[in-house]
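Here is the structure we will look at, set down as structure tokens.
Just so you know, all these numbers are worked out from the coordinates, no wet-lab data involved. Please read these numbers as outputs of a predicted model, since none were measured by experiment. With ideal geometry, Cβ positions are generated from the backbone for all residues, glycine too; neighbour counts draw on all protein chains shown.
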Amino acid sequence: LPDEIIEDILSRLPAKTLLRFQCVSRSFHALIASPVFQDTHFRRNRGNRRLFIKPSGFQEPFYAWQ
């Protein structure tokens, strides 16, 4: 699949699933860790009542709570 389609699919998934998917490959990890992807994911998932945190200075980019 083209990268744009993979990015579109991943951006629609819950944050908890994305945390798991970071381990699939280096390219998935790089995509999920990118600020542009995180902004897209946040905008698409505004309706979810979950907390999404990206602490600065940490290797792992985000944490999710329900």
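Data for the structure
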quantity	calculated
Pairs where the first residue, in the stretch 23-48, is closer than 18 Å to I5 by Cβ and the second is assigned to a helix (DSSP H, G or I) and of a type in the set (A, V, I, L, M), C-beta under 6 Å, 6+ apart	I32/L18; F37/L31
Tally of residues being surrounded by 15 or more Cβ atoms within 10 Å (Cβ to Cβ), outside any helix (DSSP H, G or I) and among the β-branched types (V, I, T) across the stretch 1-44	0
